[in-house]
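Visitor: I have a structure I would like to understand better, so I am pasting it below and will then ask my questions one at a time.
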Amino acid sequence: MNWMTWCDSLQAYLIVGAVLFAIGLLGFFRHRNLVGMLISGELVLAGASLNFMAFNRFVAPDPVSGQAFTLFIMAIAAAEAAVVLSIMIAVYRNYRSIETRDLNELEG
């Protein structure tokens, strides 16, 4: 199999999407500040979007379904970023830190 043929296969896109998803999950649990967790969450959503678009390109009979899912994921990612950034600003104003270990007073 040729390199260019392999790069234009479903398997290549799924591997890249799974790697993005795994890096995002690892980063989400490893980072100790809210900015790192936000970026890791965006990587998880990017991996999921890439997998939807790959299935749309190679498997789905209706070409609009994967694109619609990806647009919804992009809208959710934008809303998530706006909400998390506003929460980070409010937390920083009250606690002067965005480190998660400093926010133990928020536990219920």
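The values are calculated or read from the model by the stated rules, or taken from the named source; none is laboratory data. Everything numeric in this text was worked out from a predicted model, so none of it was measured. Note that each Cβ is placed from the backbone with ideal geometry, even for glycine, and that neighbours are counted across all protein chains shown. Note: accessible area is taken over every heavy atom of the protein model, side chains too, but ligands, DNA and RNA are not part of it. Shrake-Rupley method; radii C 1.70, N 1.55, O 1.52, S 1.80 Å.
Visitor: Specify the angular offset, from 0 to 90 degrees and rounded to the nearest 10, of the alpha carbon long axis of helix 10-30 from the longest principal axis of the alpha carbons in the chain.
Guide: Once rounded, the angle reads 10 degrees.
Visitor: Let me have the relative contact order for segment 1-57, percent, based on Cα pairs under 8 Å that are six or more residues apart.
Guide: Numbers: 54 pairs, mean separation 22.9, N = 57.
Computed over segment 1-57, the figure is 40 percent.
Visitor: Any idea what the dipole of the chain comes to, in debye rounded to 20, about its Cα centre with Lys/Arg Cβ at +1 and Asp/Glu Cβ at -1? Could the numbers behind the result be given before it?
Guide: Working: 6 positive and 8 negative charges, 38 e Å.
Charge dipole, the chain, about its Cα centre: 180 debye, nearest 20.
Visitor: Share of the chain's accessible area from carbon and sulfur, percent, 1.4 Å? Don't skip to the answer; put the middle values down first.
Guide: Values: 5200 of 7550 Å².
The C+S portion of the solvent-accessible surface of the chain is 69 percent.
Visitor: Identify which of ASN56, ASN33, ASN94 has the largest mean-square fluctuation in a Gaussian network model of the chain, with springs joining Cα atoms closer than 10 Å.
Guide: Among ASN56, ASN33, ASN94, the largest mean-square fluctuation in the Gaussian network model of the chain belongs to ASN94.
Visitor: Moving to a separate point now. Would you calculate a helix-derived [θ] at 222 nm for the chain, using -39,500 (n - 2.57) for each DSSP H run of n ≥ 4 and dividing by the full residue count, to the nearest 500?
Guide: Details: 4 runs with 84 residues, N = 108.
Counting only the DSSP helices, I get -27000 deg cm²/dmol.
Visitor: Rounded to a whole number of µm²/s, how large is the Stokes-Einstein D of the chain at 10 °C and 1.306 mPa s, given Rh as the Kirkwood radius over C-alpha pairs?
Guide: 101
Visitor: Taking a ≥ b ≥ c as the square roots of the eigenvalues of the Cα gyration tensor of segment 38-93, is the shape rounded (a/c under 1.5), prolate (a/b larger than b/c) or oblate?
Guide: Values: a/c = 7.97, a/b = 2.95, b/c = 2.70.
In terms of gyration-tensor shape, prolate.
Visitor: Averaging sequence separations of C-alpha pairs under 8 Å and six or more residues apart, then dividing by the length of the chain, give the relative contact order as a whole percent. Kindly include the intermediate steps, with their values, before the conclusion.
Guide: On the way: 99 pairs, mean separation 25.8, N = 108.
In percent, rounded to a whole number, it is 24.
Visitor: A follow-up question, please. Measuring with a 1.4 Å probe in the full set of protein chains, what accessible area per residue, in whole Å², belongs to segment 1-69? Working shown, then result.
Guide: Details: 4520 Å² over 69 residues.
Computed with neighbouring chains in place, this is 65 Å² per residue.
Visitor: Just to be sure I understand the model, the point goes 7 Å from the Cα along the line to the Cβ. What's the resulting ILE23 to THR100 distance in nm?
Guide: 1.9
Visitor: A further question follows. Nearest 10 degrees is fine. How inclined is helix 34-58 to the longest principal axis of the chain, computing both from alpha carbons?
Guide: 20
Visitor: Give the calculated FRET efficiency between CYS7 and ILE39 to the nearest 0.05, with a Förster radius of 22 Å applied to their Cβ-Cβ distance. All intermediate terms of the calculation are to be shown ahead of the outcome.
Guide: Values: r = 26 Å, r/R0 = 1.20.
According to the calculation, E is roughly 0.25.
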